[in-house]
Amino acid sequence: MGHDISGYKPSNTENEIAYLRRGAFNELNGTIYNALNCQDCSGGVSGNGSEREFTKEQLEKGLAQLQGNDDFEPEIKFIKDCLDNLEDGKILIGFY
């Protein structure tokens with residue numbers, strides 16, 4: 001069990017461009033949901049299987065919330081990878 005978060009270009013969901021995993025019982029597993037303001041995508045011990053598009057602005061806002069805390073480095077890298085691969089200003093993120 002765990003939170004597997006994947007980023008994709010909206011036109012190509014076959015090729016994952018960003019990945020983040022936090023264990024089901026890791027106290028930081030809610031960090032990405034809080035940063036991206038998508039707590040409804042969490043199923044508790046894992047993501048709930050939903051997918052959502054995020055804009056550059058939403059990603060940048062989430063990144064700003066995480067900056068300065070070394071514990072959040074995996075989330076920071078995930079969001080930066082998403083920002084580096086935007087397509088038409090958006091990225092698709094799946095919460096599994």
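No value in this document is a laboratory result; all are computed from the given coordinates. Fair warning: this is a prediction, and the values are worked out from it, not measured in the lab. A quick note on method: Cβ atoms are made from the backbone with ideal geometry, for glycine too, and the neighbour counts reach across all protein chains shown.
When the Gaussian network model of the chain links Cα atoms closer than 10 Å, the mean-square fluctuations of G68, G49, G23 top out at G68.
When only the Cβ of Lys, Arg, Asp and Glu is charged (+1, +1, -1, -1), the dipole of the stretch 2-95 relative to its Cα centre reaches about 80 debye. What is the total of Lys pairs in the chain with C-alpha atoms under 12 Å apart, excluding same-chain pairs fewer than 8 positions apart? Close lysine pairs under the 12 Å cut-off: 4. Only DSSP H runs of four or more residues enter the estimate; each adds -39500 (n - 2.57), and after division by the residues of the chain the mean residue ellipticity at 222 nm equals -8500 deg cm²/dmol. Taking every C-alpha pair closer than 8 Å and separated by at least 6 residues, the mean separation divided by the residue count of the chain gives a relative contact order of 40 percent.
Taking the square roots of five times each eigenvalue of the Cα gyration tensor of the chain, the equivalent ellipsoid has semi-axes of 19, 16, 11 Å, listed largest first.
For the options L20, L28, L59, a Gaussian network treatment of the chain with springs between C-alpha atoms closer than 10 Å singles out L28 as fluctuating the most. Looking only at the chain, where both bridge partners belong to it, what percent of the DSSP beta bridges are antiparallel (to the nearest 5)? In the chain, DSSP labels about 100 percent of beta bridges as antiparallel. Sparse packing (at most 13 other Cβ atoms within 10 Å of the Cβ) combined with a DSSP loop state is found for the following chymotrypsin sites (Phe, Trp or Tyr not before Pro) in the stretch 1-84: F25.
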